[in-house]
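Novice: I am attaching a structure below and will ask some questions about it afterwards.
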Amino acid sequence: MMMSRKLMLLSAVAFGGIVALSPGAQAREGQDAPATTADSRARDLLSHMTLQDKLSMVFTIDGGGTMGNAPIPPGGLGSAAYLKTPAGLPPLQISDAGLGLRNPSHVRPHGQAVGLPSGLATASTWDPDMARQGGAMIGAEAWRQGFNVLLAGGADLTRDPRGGRNFEYAGEDPLLTGRVVGATIAGIQSQHVISTLKHFAMNDLETSRMTMSADIDTAAMRESDLLGFEIAMEVGHPGSVMCSYNRVNDIYACENPYLLTKVLKQDWKYPGFVMSDWGATHSSARSALAGLDQESSGDDADARPFFREILARDVREGRVPTSRVDDMAQRIVRSMYDVGLVDHPPVMQPLDVVTDILTAQRDEEEGAVLLKNSGNLLPLSPTAHVAVIGGHADVGVISGGGSSQVDPIGAPAIGVVKGPGKKDWPGDPVYFPSSPYRMMQAEAPSARLTYTSGADIARAADAARRADVAVVFVTQFSYEGMDTANAMTLDGNQDALVAAVARANPRTVVVMETGNPVMMPWLDNVGAVMEAWYPGSGGGAAIARLLYGKVAPSGRLPMTFPASPVQLAHPDIAGVTANSVFEMQFHTDQELVYDEGSEVGYRWFDHTHATPLFAFGHGLTYTTFAHDGLRVAHHGDDVVATFTVRNMGTRVGVDVPQLYVRLPDGGGRRLAGWQRVTLAPGESRELSVVLEPRVLAHFDEKHDRWNVPSGEYRIWLGSSAVDESQQVTFHLAGRNMAP
Ligand code: BGC
């Protein structure tokens, strides 16, 4: 049930009261969290700071690297934000780094960064260890270039496969998102660089993102979007959390006491600090009391610099207790000690570019998803005559636009494709100079390979007709600030191109470089389809190696590919047809009622019995696997599924057996666990997976706890969310868990 707007407001006011507790009461609340060295070191340092010093920590200034025309502040490196800290602490050099260090070349012409594939590619690996390695790569590049706070760690759920920033995130499932994004954060922070879990919360669409209210029943939010953040927080321990632009149940996220204080700081016992998104602070006392700890780029991004003179006056005049300022500063300094910013300050040095590109390449090799492979068209024979067509594959691979954009290593010397882009923001798509065509030539040096741009469809079809196999690259630009068009079709002439090539040669492989699912009207007429997402700095090599079978595909979809937008919980995104991204961001003020609650993505498809084009969890490889012997046992409160996986083919391969459960009281099935396993031909292995307890539970808002209902649970073991081949039931006695 949706909580009424009025009721939500009342609860928010009540939670607002909680934040204004006396310092003594605040200390009592923190008592169950063990005191860490970072906590006590921060407390010691703060005991020598003046109120003015503490206030100076809660307001960062434009770093001269992203928005507007602000100059680089003295001491800054030219990035998203900068903070000159008091008391001998190192300054905060804050940079975007969603998929690699954002390092605007106009600011730092000598700076360099390697771009990982999109977040969806990393999520498609279902491999937290790979995510951790990618994070460590970004963190090390940042540290070697002087940055110590990264705005990485996007964990918003794909509630709509048209979300303009889905490519930065980790898909539609909270467990997968939490584990993958949490591992990325842990990787970044292993390099003594703070990572930021963002955008908290429900910033799942770009349309009207600055003003829209995501309206959702709070228990459903705890079981979906917030569960993703909660798990990411447990896994990654981010030093900071960024509150988002949008409103949640009417209240701006950055002044939302339910989100920032009740959920994050009280229920999840988060010890770090909350920073605002750039332009997401709308007040001083209200935000401070709700739990915002630092206003980002406040001199430039927000309507007024709220956390400077205005906050100082609010403190002086008693509207904000000094204990709140103490708490804000404590949280910031604590994270600095905890992650190692003070003890291990950045040391400027060259990057290990070769190793870093290999990390990006491995991520793409694990994350590309083989969607279709009729008659084993793939892998390609190294002697086949191949017509490579379209997608600027002769130059490189496309990347997503916006604040996660990496200025790729090698550009512009090797070539950046111009257009079609957007005039104001974010400009033309950037192609990373990692050419799949050239790398395919390197994989098959004695074969005949040709490249045709695809601009002339007849010419492309002709090239396909003369070849043994055609490989068509299609690209779709997604970017921050704008959702994909409602119809979800490929831009320009690309559908016509694929259809014509497939008519000329049915041995057609389509490689998709997209930020989101697209419609595939030509699907039945092509032999193979690989979703390569945005492939990153090692993308060309990864795609070539996958196509030629040097490495077997092992990605599994982290989001459902719908057969039609009509199947979605919200078939249209209102306002998405508007032309100007800035109109979309600032000029509307809509309510988006997520009445599907926690039935997101594949759960919605299960709930509505809709058949997707490709299911969540789907992904093929060059061998096949059999699953057998599913059984469930209890070890204390742990529920453990055990089963056997066997490689049935003649090639080594990676399987990702997945476990989905349905609760006794119904609802869509939920991913409760998985395992990624590499098996030699004929090899079999018994695996045991502990099911995530919160996935077996409902959030009980009234009693503020998780409630595992008593009864019969159904569990499926399979290779996607619609695989019904192995299923059993098991009984659980009801129990409650603290949030
Ligand atoms: C984005 C954030 C980003 C920030 C700083 C905002 O527009 O939403 O993700 O970190 O800008 O560039």
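The values are calculated or read from the model by the stated rules, or taken from the named source; none is laboratory data. Since the structure is predicted, the reported quantities are computational estimates derived from the model, not experimental observations. With ideal geometry, Cβ positions are generated from the backbone for all residues, glycine too; neighbour counts draw on all protein chains shown. What goes into the accessible areas is simple: the full protein's heavy atoms, side chains included, and nothing from ligands, DNA or RNA. Shrake-Rupley method; radii C 1.70, N 1.55, O 1.52, S 1.80 Å.
Residues are listed down the side, and each one gets a yes or a no for (1) touching a strand residue (DSSP E or B) at 6+ places or on another chain (Cβ under 8 Å); (2) over 22 Å from Met482 (Cα atoms); (3) open to solvent by 10 Å² or more (accessible area, probe 1.4 Å):
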| position | (1), (2), (3) |
| --- | --- |
| Gly135 | yes, yes, no |
| Ala142 | yes, yes, no |
| Gly163 | no, no, no |
| Thr184 | yes, yes, yes |
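Novice: Looking only at segment 461-488, which residues are within 27 Å of Arg503 (Cα to Cα), open to solvent by 30 Å² or more (accessible area, probe 1.4 Å) and in contact with a Pro (Cβ under 8 Å, 6 or more places away or on another chain)?
Specialist: Phe477, Ala487 - these are the residues of segment 461-488 that are within 27 Å of Arg503 (Cα to Cα), open to solvent by 30 Å² or more (accessible area, probe 1.4 Å) and in contact with a Pro (Cβ under 8 Å, 6 or more places away or on another chain).
Novice: For Ala35, indicate whether it is more than 16 Å from the ligand (Cβ to nearest atom), at pLDDT below 95 and small (Gly, Ala, Ser). First the steps, then the outcome.
Specialist: Numbers: more than 16 Å from the ligand (Cβ to nearest atom): yes; at pLDDT below 95: yes; small (Gly, Ala, Ser): yes.
So Ala35 passes the test.
Novice: While we're looking at this one, here's another question. Considering segment 271-298 alone, what residues qualify as being outside any loop (DSSP other than H, G, I, E, B) and free of Cβ contacts under 8 Å to residues at least 40 places away in the same chain? Can you show your working first?
Specialist: Taking segment 271-298 and keeping what is outside any loop (DSSP other than H, G, I, E, B), we get 273-276, 285-290, 294-295.
Listed by number, the residues that qualify are Ser276, Ala285, Arg286, Ser287.
Novice: Given the criterion within 14 Å of Gly153 (Cβ to Cβ) and touching a helix residue (DSSP H, G or I) at 6+ places or on another chain (Cβ under 8 Å), identify the matching residue among Met242, Met275, Met233. Spell out how you get there, then give the answer.
Specialist: Working: Met242 fails: touching a helix residue (DSSP H, G or I) at 6+ places or on another chain (Cβ under 8 Å); Met275 fails: touching a helix residue (DSSP H, G or I) at 6+ places or on another chain (Cβ under 8 Å).
Answer to the check: Met233.
Novice: Would you say Gly653 is touching a residue at least 24 places away in the same chain (Cβ under 8 Å), closer than 26 Å to Ala170 by Cα and not assigned by TED's automatic domain parsing to the domain that holds Thr158?
Specialist: Numbers: touching a residue at least 24 places away in the same chain (Cβ under 8 Å): yes; closer than 26 Å to Ala170 by Cα: yes; not assigned by TED's automatic domain parsing to the domain that holds Thr158: yes.
Taking the combined requirement at face value, the residue satisfies it.
Novice: Quick one: in segment 404-429, which of the residues that are among the β-branched types (Val, Ile, Thr) and away from the ligand (no atom under 16 Å from the Cβ) is modelled with the highest pLDDT? Walk me through how you get there before you give the answer.
Specialist: Residues of segment 404-429 among the β-branched types (Val, Ile, Thr): 406, 409, 414, 416-417.
Cutting the leftovers down to away from the ligand (no atom under 16 Å from the Cβ) gives us 409, 414, 416-417.
Numbers: Ile409: 77, Ile414: 46, Val416: 53, Val417: 60.
For segment 404-429, the residue satisfying everything is Ile409.
Novice: Go through (1) farther than 23 Å from Gln675 by Cα; (2) among the aromatic types (Phe, Trp, Tyr); (3) in contact with a helix residue (DSSP H, G or I) (Cβ under 8 Å, 6 or more places away or on another chain); (4) part of a loop (DSSP other than H, G, I, E, B) and name the single condition Phe147 misses.
Specialist: For Phe147, the failing item is (3).
Novice: Considering only residues that are of a type in the set (S, T, N, Q) and either in contact with a Cys (Cβ under 9 Å, 6 or more places away or on another chain) or open to solvent by 10 Å² or more (accessible area, probe 1.4 Å) (or both), look in segment 209-248 and name the one that is nearest to the ligand (Cβ to nearest atom). So that I can check it myself, show each step before the final result.
Specialist: So in segment 209-248, the residues of a type in the set (S, T, N, Q) come out as 211, 213, 218, 224, 240, 244, 246.
Filter once more, keeping what is either in contact with a Cys (Cβ under 9 Å, 6 or more places away or on another chain) or open to solvent by 10 Å² or more (accessible area, probe 1.4 Å) (or both): 211, 244.
Numbers: Thr211: 14, Ser244: 8 Å.
Among those that are of a type in the set (S, T, N, Q) and either in contact with a Cys (Cβ under 9 Å, 6 or more places away or on another chain) or open to solvent by 10 Å² or more (accessible area, probe 1.4 Å) (or both), it is Ser244.
Novice: Sticking with this structure for a sec: Pairs under 8 Å by beta carbon, first residue without any contact (Cβ under 8 Å) to a residue 40 or more places away in the chain and closer than 10 Å to Ser284 by Cα in segment 312-323, partner among the aliphatic types (A, V, I, L, M) and not in a helix (DSSP H, G or I), six or more apart or different chains?
Specialist: Asp314/Val320
Novice: Also, I was wondering about something else. Out of all the residues in segment 519-542, which are surrounded by 22 or more Cβ atoms within 10 Å (Cβ to Cβ), in contact with a strand residue (DSSP E or B) (Cβ under 8 Å, 6 or more places away or on another chain) and farther than 20 Å from Thr623 by Cβ? Show your work before the answer.
Specialist: Filtering segment 519-542 down to residues surrounded by 22 or more Cβ atoms within 10 Å (Cβ to Cβ) leaves 520, 522, 526, 528-542.
Of the ones still in play, those that are also in contact with a strand residue (DSSP E or B) (Cβ under 8 Å, 6 or more places away or on another chain) are 520, 522, 526, 528-537, 539-540.
Answer for segment 519-542, where residues must be surrounded by 22 or more Cβ atoms within 10 Å (Cβ to Cβ), in contact with a strand residue (DSSP E or B) (Cβ under 8 Å, 6 or more places away or on another chain) and farther than 20 Å from Thr623 by Cβ: Met520, Trp522, Val526, Ala532, Trp533, Tyr534, Pro535, Gly536, Ser537, Gly539, Gly540.
Novice: Still on this structure, please answer the following. Given the structure, is Gly401 assigned by TED's automatic domain parsing to the domain that holds Pro506, within 29 Å of the chain's Cα centre (by Cα) and within 16 Å of the ligand (Cβ to nearest atom)? Show your work before the answer.
Specialist: Numbers: assigned by TED's automatic domain parsing to the domain that holds Pro506: yes; within 29 Å of the chain's Cα centre (by Cα): yes; within 16 Å of the ligand (Cβ to nearest atom): yes.
Answer is yes for this residue.
Novice: Which one of these is assigned to a helix (DSSP H, G or I), within 16 Å of the chain's Cα centre (by Cα) and within 17 Å of His237 (Cα to Cα): Gly139, Gly135?
Specialist: Details: Gly139 fails: within 16 Å of the chain's Cα centre (by Cα).
It is Gly135.
Novice: Take the residues of segment 339-353 that are open to solvent by 70 Å² or more (accessible area, probe 1.4 Å) and modelled with pLDDT of 95 or more: which is nearest to Asn148 (Cα to Cα)?
Specialist: The extreme case among them is His344.
Novice: Is it true that Ala384 is in a loop (DSSP other than H, G, I, E, B) and at pLDDT 90 or above? Break it down stepwise before answering.
Specialist: Working: in a loop (DSSP other than H, G, I, E, B): yes; at pLDDT 90 or above: yes.
For Ala384, the condition - in a loop (DSSP other than H, G, I, E, B) and at pLDDT 90 or above - is met.
Novice: Here is a check on your reading of the model: is Met202 within 14 Å of the ligand (Cβ to nearest atom), open to solvent by 10 Å² or more (accessible area, probe 1.4 Å) and under 30 Å from Ala487 (Cα atoms)? Walk me through it before giving the result.
Specialist: On the way: within 14 Å of the ligand (Cβ to nearest atom): yes; open to solvent by 10 Å² or more (accessible area, probe 1.4 Å): no; under 30 Å from Ala487 (Cα atoms): yes.
Considered against the rule, which asks whether it is within 14 Å of the ligand (Cβ to nearest atom), open to solvent by 10 Å² or more (accessible area, probe 1.4 Å) and under 30 Å from Ala487 (Cα atoms), Met202 comes out as no.
Here's the yes/no breakdown for (1) within 22 Å of Ala131 (Cα to Cα); (2) assigned to a loop (DSSP other than H, G, I, E, B):
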position	(1), (2)
Phe167	yes, no
Gln191	yes, yes
Asp204	yes, yes
Arg209	no, yes
Ala219	no, no
Glu230	yes, no
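Novice: Output the residues belonging to segment 249-284 that are open to solvent by less than 20 Å² (accessible area, probe 1.4 Å), in contact with an Asp or Glu (Cβ under 7 Å, 6 or more places away or on another chain) and away from the ligand (no atom under 16 Å from the Cβ).
Specialist: Asn249, Ser283, Ser284
Novice: In segment 665-694, which residues are closer than 19 Å to Glu724 by Cβ and touching a residue at least 12 places away in the same chain (Cβ under 8 Å)? Talk me through it step by step, then tell me what you get.
Specialist: Kept after step one, since they are closer than 19 Å to Glu724 by Cβ, are these residues of segment 665-694: 666-674, 689, 691.
Matches in segment 665-694: Gly667, Gly668, Arg669, Arg670, Leu671, Ala672, Gly673, Trp674, Val689, Leu691.
Novice: Could you list, in sequence order, the residues of segment 56-67 that are more than 11 Å from the ligand (Cβ to nearest atom) and open to solvent by 20 Å² or more (accessible area, probe 1.4 Å)?
Specialist: Just the residues of segment 56-67 that are more than 11 Å from the ligand (Cβ to nearest atom), to begin with: 56-59, 61, 64.
Residues satisfying the conditions are Ser56, Ile61.
Novice: Only residues that are basic (Lys, Arg) and over 15 Å from Lys372 (Cα atoms): list them for segment 520-567, please.
Specialist: Initially, segment 520-567 is screened for residues basic (Lys, Arg), giving 545, 550, 556.
Correct list: Arg545, Lys550.
Novice: How many residues does segment 194-225 contain that are in contact with a Pro (Cβ under 8 Å, 6 or more places away or on another chain) and over 17 Å from Gly667 (Cβ atoms)?
Specialist: 4
Novice: Let me confirm something: among Gly617, Gly636, Gly653, which residue is at positive phi, small (Gly, Ala, Ser) and open to solvent by less than 20 Å² (accessible area, probe 1.4 Å)?
Specialist: Details: Gly636 fails: open to solvent by less than 20 Å² (accessible area, probe 1.4 Å); Gly653 fails: at positive phi.
After ruling out the rest, the residue left standing is Gly617.
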